[in-house]
Structures are given as C-alpha cells and as structure tokens.
Amino acid sequence: MEALNSRKKAPNSRMVKACCGRHPAAGFLALERHLSTTSFFNRLPAFARTLTGAGLMAGLLLLHSSGSARADEGFNAFLQGVWPDVQAEGVSRKTFDAAIAGLEPDYKLPDLQLDDKPKVDNAGQAEFTKTAADYLSKPYMEKLAAQGRTFFKQHAVALSRIEKTSGVDPYILVAIWGRETAYGSYTLPHDAIRVLATLSYKGRRKDMFRQELIAAIKMLQAGVPRSDMKSSWAGAVGLTQFMPTEYFKHAADGDGDGKTDIWRSIPDALASAARQLQGKGWVRGEAWGYEVLNGKTDCSLEGPPDARPISEWLRLGYQPAKKKAFSAAELAQVAYLMMPAGAYGPAFLAPENFKVIRLYNTSDLYALFVGHLADRIRGGGDFATPWKAFEQPKTRTVHDLQARLKALGYPMDKTDGKIGSNTRKQIGLYQKAKGLRIDCWPSDGVLAHADAQAGR
C-alpha cells in the first residue's frame, strides 16, 4: 500500500479550486471524476470508493463553509471596527447593531478590489463605458427635455423661490432631476448600508466610503427610516441622489413644512440640490458652459491646467457656436477647453459652473449631460458640431496607455482606465510630439506606438 500511495498523483489543482467556490457539490463531482481516473482510486474496493467519495464530500463542504465563515468573520470584524467612529458621531449602540444585523457584503457591486475581479473595472459607470455620442443620445435627450419642460411648469413656483435664495439656475436643477431619476421613473435598487459597508470593506476608495457609511448610520440615528435608505451602487440616496455626508451638509426644507424630506418632497429635494451646488461654488448668473468652434488649434489644449479668460480663447481662434458674440462679462470668465470625444465631437469652454456640476458627479460627460439637458429644457436644440464615428476603447487599453505615457514622462495623475480631460490631453501631446495624427483619443494603435517607444 505504501508503494501505491507513493505513486498516487495529487488531484489537479483546478479540480481542487473548483471545490472551494460557490458550489462545493459541483467541485466535488469534478474532483471525484478526476480521482476515478487514477490507478489508486480504481484499485480500491467499491465500498471503499464510496466511503472515500462521501468523506471527500463532507470534507469539501466543511472546507467551503469554513472559508465562508472566515470571510464573514472578516467583514463582521471590519464592521465592529467602525463602531468607535460611529459612536463619536452620537450614534447609539442600539442603532448601530440594528444597522449591521445580518449584513453581508455585496460582491456584485462595481469598483471593488477582489481577487476574482479585474484590477481595472468601470462596470456600472456609464460615464466611462459609453461613448459621448451614446451617453448623450439625441432621442433620449429629446425625451428627457420634453418631460423636463412639463416638470418645470408643474414646479415653477418652488423653482422660482429656490433660484432667488440660492442663485442656482433652475433649469440645471430640473436637468439633474432628469439625469438622476428620469423624473421619478427610476427606483434606487440597493440598500445604502450594505452598499457602503461593502465599498468601505473591499472598495477601491475605502476611506471615502467609510466616511459615507458612518454618515449613513448617523442618518438612521437622526430618524431616517431604513426603508428610505435605498441607494445607487455608490450609496447615493433620495430623489436627487445625495451621498450621506452631503445630506448633513446641504439637505434643505424647500416646501416650508419644517422638515427635510429628500425622498418624498420634490421642493425639498430640489432645494437640497441647489444648496449643494451653491455650497460648491455656483456662480449666480453665469452659464454652465459654451459650445465653441475652432479651426486653428487642437485638442491637446484641453483641460483645467490650460484655463484662461474666454477673451484669450477668442484670440486663439475659438468662436461661439450658437451665438453671435460673447458679452463683456462672458469674455472675462475663466474657462478651460473640454472635448469629451477628443477630435471626434464638439468642443466646449467650461467655466466655473461646469466645474461645480462636476463636483456633484465627477465626470465631464455627466456635467455636459446636465448642462445640455438644461439648455434643451430651456428651448435649445442639438449641438452645432455633430459626433463623428468613433469607438469606445476597452478599459484595459485606456489603463495601459495611461501607464505607458506616465512611464514615458507624461504627467498622468491617475491610471484608472477612465478617459478624463488629462488623459485626452496627454494623448494629444504625445501624438503631437511624435508626428502622429492628433485626435486625443485612446486606441490600440496609440498604445502600440507608445509601447514601441518604451522598448527603444
């Protein structure tokens, strides 16, 4: 028997790995099939093979359950570690225990750091997975604009009052409402506590989401029902999707009933959104941005570092696309060039209020969506410059190109696979330096060229 044991082959590692996944029985069957092909297993009597299989099944189930228990223990230990910070915010132990009772992590969420998930993952974030043309789909914008005009009429009194007190453009508020909930037709699908606990435990931005988790539990202590804590995948709650920390900073009573209800009161939700924009620096009376035309320069001038007065952009050859001329006040505004599709679509000058909208949701496309929808609700039409045909690159391509350009000395502050203004700018500068066609857009071709340069 020792001789037989010394020749016995170890189970294939993939078979063993299968037993430890979500379906241990399936893993067992695969492993049993593998063992049944070994000479040692086949030479055992039938009753021994049966006992061996039963023992394997029991052992594998035990291994699976102990692995799950360890994972749960890690999550539970993490939650208990949050308690001192929650307690410091005035939350009772009773509220805290009720908030986390039976809580399990949700590993289906995007933006997590898990061993079995890709290291670069923008799933769930349409702002980074769709082309600008798709994200700003003309039929969808027209539909939302029509709904927005109806909504504006229905809430004109409240919107006028909010504009007077905050200075925020009411059309921007209605556009945010349309983008976040499609005017109430979209229902938030997640539990905020579970989402924020998962993201602060295994997310890529743990520290940020930990603060949001603490604030969300504090909301429960303040009397917000758990049933109201339905959220987006990132933990935003309410009609205009407030992050919990923003709720305590900016929630407002818009209907004058002495309460703040961003879940059922439309005036409260709109007033809270206005207060948030005001708190982030909204400039009363200024536009969100301006579409421009230009034939002299290129997209490598894009981004906040090249911001300058609009009068200087005119000297560089830029002209307003939809108006005869800029006013004197507009010429004095400082703005940066924003081209969300590089050379494949319209260009915009983005002043302070564009940056404020980006602080509501950190995405060029989100801010452009809100601004453009606001213009359409106001009575405006489509962009003057149409979108050209172009492809959205794979997240991995963007990530690798960012990393390669950074290695080549181009200032790339993030290598996250997301196409922001700095990524487009650095691609344009690289293309200009190497004599390539300048389109400021990530592609496999540009990546291959940069890889070749790095290999020299």
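Observations, loosely collected:
- Every residue from region 293-311 that is polar (S, T, N, Q) and at pLDDT 95 or above: Ser311
- Taken over region 204-218, residues that are out of contact with any Gly (no Cβ under 6 Å at 6 or more places or on another chain), under 17 Å from Ile100 (Cβ atoms) and not basic (Lys, Arg) amount to 6.
- Only one of the numbered conditions (1) crowded, with 23+ Cβ neighbours inside 10 Å; (2) touching a Lys or Arg at 6+ places or on another chain (Cβ under 7 Å); (3) over 16 Å from Met338 (Cα atoms) is violated by Cys299, and that is (3).
- Some residue of region 268-277 being crowded, with 20+ Cβ neighbours inside 10 Å, outside the structural domain of Ala433 (by TED's automatic domain parsing) and not in a helix (DSSP H, G or I): no
- Residue ID - surrounded by the fewest Cβ atoms within 10 Å (Cβ to Cβ), chosen from residues in region 76-102 that are out of contact with any Ser or Thr (no Cβ under 9 Å at 6 or more places or on another chain) and among the aliphatic types (A, V, I, L, M): Ala101
- Taken together, the residues in region 218-231 that are in a strand (DSSP E or B) and over 16 Å from the mean Cα position of the chain (by Cα) amount to 1.
- The set of residues in region 88-116 being in a loop (DSSP other than H, G, I, E, B) and of a type in the set (Ser, Thr, Tyr) consists of Ser92, Tyr107.
- Annotation note: of Ser166, Ser185, Ser160, Ser137, the sole residue that is more than 20 Å from the chain's Cα centre (by Cα) and at pLDDT below 95 is Ser185.
- Odd one out for Gly455, checked against (1) free of Cβ contacts under 8 Å to residues at least 40 places away in the same chain; (2) closer than 24 Å to Ala389 by Cα: (2)
- Residue within region 377-385 that is part of a helix (DSSP H, G or I) and either modelled with pLDDT under 95 or surrounded by 21 or more Cβ atoms within 10 Å (Cβ to Cβ) (or both) present: yes
- Beta carbons closer than 8 Å, at least 6 apart along the sequence or on distinct chains, pair a first residue in region 294-314 that is basic (Lys, Arg) with a second that is part of a loop (DSSP other than H, G, I, E, B) for Lys296/Leu316; Lys296/Gly317.
- Qualifying residues in region 161-199 (those that are β-branched (Val, Ile, Thr) and under 18 Å from Ala234 (Cβ atoms)) - the one surrounded by the most Cβ atoms within 10 Å (Cβ to Cβ): Val195
- Residues (surrounded by fewer than 19 Cβ atoms within 10 Å (Cβ to Cβ), over 21 Å from Leu270 (Cβ atoms) and in contact (Cβ under 8 Å) with a residue 24 or more places away in the chain) located in region 202-250: Arg204, Arg205, Gln211, Gln221, Arg226
Yes/no per residue for (1) part of a helix (DSSP H, G or I); (2) within 21 Å of Asp261 (Cα to Cα); (3) at pLDDT 95 or above; (4) of a type in the set (S, T, N, Q):
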{"residue": "Thr150", "(1), (2), (3), (4)": "yes, no, yes, yes"}
{"residue": "Tyr201", "(1), (2), (3), (4)": "yes, no, yes, no"}
{"residue": "Ala216", "(1), (2), (3), (4)": "yes, yes, yes, no"}
{"residue": "Ala234", "(1), (2), (3), (4)": "no, yes, no, no"}
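The values are calculated or read from the model by the stated rules, or taken from the named source; none is laboratory data. Since the structure is predicted, the reported quantities are computational estimates derived from the model, not experimental observations. All Cβ positions, even for glycine, are placed from backbone atoms using ideal geometry, and neighbour counts span all protein chains on display.
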